[in-house]
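Participant: Please find one structure pasted underneath; my questions will follow.
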Amino acid sequence: MKPSYNVDVDVLRESPTRAVNRVVERLKREGKDVIMLSTGEPGIPPPLEVRLWLSEALKEDSMRLYSYTPSPGFLSLREAIVDDLKELGGVDVSVDQVVVATGGQATMFSTLATILSPGDEVILMDPTYFGYWNLLSYFKAEPKPIVASLDKGFQPGVEAIKESIVKGKTRAIIMVSPDNPTGRLLDFDVARSLAEIAVDYGLWIVYDEPYKTLIYEGEHVYMYNLAPENTISLNAFSKDPGIPGWRLGYIYGPAWVMKKIALASEAITYNPPSVAQHLVTVYLRNRELRRRHIEYAKRIYMERRDVMVEEVSKIEGAKYVKPGGAMFLMVDMKEVLEPLKVDCTLLAERLLREKLVALLPGEFFGKSTKTFIRLSFPTETPERIREGIRRLGELLEEMGKESLGKKESSLFEASL
Ligand SMILES: Cc1ncc(COP(=O)(O)O)c(C=O)c1O
């Protein structure tokens, strides 16, 4: 007899970047070189000094790098995070308010596992980071999307948020800043209004800020400073210093709820990876090195962003706002694609197969962005970004000539 399983996991969808990466892997094995404009993957490694520190530490004949660690992370790392937050944003937290976790995704999982009950309503932006749609379904919470439109610079509408609150049902507002997929920074006035709403209605603000140090214009708003009793802040070291494969992140918020999140985190992974904790502690404790690395990374990413914006601006009818932070350019292709009777998913699929350029269709981020594509700029060099967008233009031209009928897409399964 075949054993059964919990059908609740059927709501989970594969991340679109994973779907793309599977095809890219196959293409690479065939010897093909794919231009990667699809992933939020840093294009530069952590500073050489910390890598050298690690290579020395690896020579030690001890268990230091390999042992279990405290579930919420090494105390020395949590202290370094406390000091880092103070210096970056004037955030005043103590070590018992910080839980280190196994990457940004794990911060989302253990936080939502802690604060949500089935049937809770959760306000989030449309578009937003695709992982949230998945997790809300998994926790049987009801997503209440609020459209953050391109013509408003993707800023959330405070009135719309207020109107969608149902007393006793709405549990949280999820906000990402700097945003994935749009790169917008939350306006300070909007953040202040959200903080007031959260306090007035007794809601959590789950504030996802893994790109907080990657800001090209403007300033990052530290939501915790505005609503310290209502904010749970999620962070990752995947983008800065750039160790996405090593899986490290952290959460901070009111001490009483962090105690519970720590238990959820312990139940999932027991402890975050020790070697990544050691490396990040060295990075955060070396303040000058940290400052230099952020400046260096920002300079490189900003140049890549500017090249991407310049190239995309040559596509007639493509609409976008220049992202102030993070790693992405969200482009509305409606005017370009409608006359071709092509959707973004088909465009992404053909671009990958025929032109060897990977990007993501906007439908994975929300219903309002079905006519969008998301382009990431940190991974590739400026020359390859130029080439990637040139190939996109070339494909659009070919599609114009073909006047294609509709064709079913098989690479991506719609996530929403
Ligand atoms: C907004 C946002 N939250 C969470 C994550 C997940 O972070 P991690 O890659 O560390 O799991 C990402 C990753 O891209 C992200 O963009």
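Computed from the coordinates by the stated procedures, all read-outs in this text should not be read as laboratory data. None of the values given here were measured: they were computed from a predicted structure. Cβ: placed from backbone, ideal geometry, glycine included. Neighbour counts: every protein chain shown.
Participant: Which residues make up the longest stretch of the chain that has no GluC sites (Glu not before Pro) in a DSSP loop with at most 16 other Cβ atoms within 10 Å? Intermediate values should be presented prior to the final figure.
Facilitator: Values: sites that count: Glu14, Glu30, Glu60, Glu217, Glu219, Glu229, Glu316, Glu408, Glu413.
Counting at most 16 other Cβ atoms within 10 Å as exposed, the longest clean stretch of the chain is 61-216.
Participant: Turning to a different aspect of this structure: Report the equivalent ellipsoid semi-axes for the chain in whole Å, largest first, defined as the square roots of five times the eigenvalues of the gyration tensor built from alpha carbon atoms.
Facilitator: Working: eigenvalues 225, 140, 95 Å².
The answer is 34, 26, 22 Å, longest axis first.
Participant: Which order results if Thr17, Thr381 are arranged by neighbouring Cβ count within 10 Å, fewest first? Before the final figure, lay out each step's value.
Facilitator: Numbers: Thr17 20, Thr381 14.
Least crowded to most crowded, the residues run Thr381, Thr17.
Participant: Return the whole-Å distance between the Cα centroid of segment 94-116 and the Cα centroid of segment 1-76.
Facilitator: So the separation of the two Cα centres works out to 18 Å.
Participant: Once a ≥ b ≥ c are taken as the square roots of the eigenvalues of the Cα gyration tensor of segment 201-270, is the result rounded (a/c under 1.5), prolate (a/b larger than b/c) or oblate (a/b not larger than b/c)? Could you put the intermediate results ahead of the total?
Facilitator: On the way: a/c = 3.16, a/b = 1.08, b/c = 2.94.
It comes out oblate by the Cα gyration axes.
Participant: Still on this structure, I have one more. When the chain is fully extended, how far beyond the present Cα-Cα distance does Arg287 get from Asp200, taking 0.36 nm per residue of separation?
Facilitator: Working: separation 87, 0.36 × 87 = 31.32 nm, distance 3.82 nm.
The Arg287-Asp200 span can extend by a further 27.5 nm.
Participant: Now for a different question. Among Ser313, Ser177, Ser164, which comes first, then next, by fewest other beta-carbon atoms within 10 Å? Display every interim value, and only then the final one.
Facilitator: Numbers: Ser313 12, Ser177 28, Ser164 15.
Neighbour counts put them in this order, fewest first: Ser313, Ser164, Ser177.
Participant: Here is a further query. As a test of the formula, what do you get for the chain when each DSSP H run with n ≥ 4 contributes -39,500 (n - 2.57) and the sum is divided by the residue count, at 222 nm and rounded to the nearest 500 deg cm²/dmol?
Facilitator: Numbers: 14 runs with 173 residues, N = 416.
About -13000 deg cm²/dmol.
Participant: Please arrange Leu263, Leu279, Leu392 by counting, for each residue, the other beta carbons lying within 10 Å of its beta carbon, fewest first.
Facilitator: Values: Leu263 16, Leu279 24, Leu392 27.
Lowest to highest Cβ neighbour count: Leu263, Leu279, Leu392.
Participant: Another one. For segment 61-286, give the magnitude of the charge dipole about the Cα centre (Cβ charges: +1 Lys/Arg, -1 Asp/Glu; no others), in debye to the nearest 20. Before the final figure, lay out the partial values.
Facilitator: Values: 18 positive and 26 negative charges, 128 e Å.
Dipole size: approximately 620 debye.
Participant: Just check segment 61-286 against the gyration tensor rule for me: Cα atoms, a ≥ b ≥ c as the square roots of the eigenvalues, rounded for a/c under 1.5, and otherwise prolate or oblate depending on whether a/b exceeds b/c. The partial results should precede the final answer.
Facilitator: Numbers: a/c = 1.85, a/b = 1.51, b/c = 1.23.
Judged from the Cα gyration tensor, segment 61-286 comes out prolate (a/c at least 1.5, a/b above b/c).
Participant: Here is a further query. Normalised by the number of residues in the chain, what is the relative contact order in percent for Cα pairs under 8 Å and 6+ residues apart?
Facilitator: Values: 778 pairs, mean separation 95.1, N = 416.
Relative contact order of the chain: 23 percent.
Participant: Kindly express, to the nearest 10 degrees and within the range 0 to 90, the angle between helix 16-29's C-alpha long axis and the longest C-alpha principal axis of the chain.
Facilitator: 70 degrees
Participant: Positive end of the dipole of segment 294-405, charges at C-beta (+1 Lys, Arg; -1 Asp, Glu), about the Cα centre: which of Ile373, Leu352, Leu395 has its Cα farthest in that direction?
Facilitator: Among Ile373, Leu352, Leu395, the one farthest towards the positive end of the dipole of segment 294-405 is Ile373.
Participant: Still on this model: If a/c stays under 1.5 just call it rounded; otherwise compare a/b with b/c (prolate if a/b is bigger, oblate if not). Do that for segment 40-165, with a ≥ b ≥ c from the square roots of the Cα gyration tensor eigenvalues.
Facilitator: Details: a/c = 2.26, a/b = 1.92, b/c = 1.18.
Prolate is the answer for segment 40-165, as a/c is 1.5 or above and a/b outweighs b/c.
Participant: Given the options Tyr216, Ala236, Ala19, identify the residue whose Cα lies farthest towards the positive end of the charge dipole of the chain (+1 on Cβ of Lys, Arg; -1 on Cβ of Asp, Glu).
Facilitator: Ala19
Participant: A follow-up question, please. What does DSSP give for the chain in terms of the percent of beta bridges that are antiparallel, rounded to the nearest 5? Kindly include the intermediate steps, with their values, before the conclusion.
Facilitator: Details: 17 of 38 bridges.
Taking every DSSP beta bridge within the chain, about 45 percent pair in antiparallel fashion.
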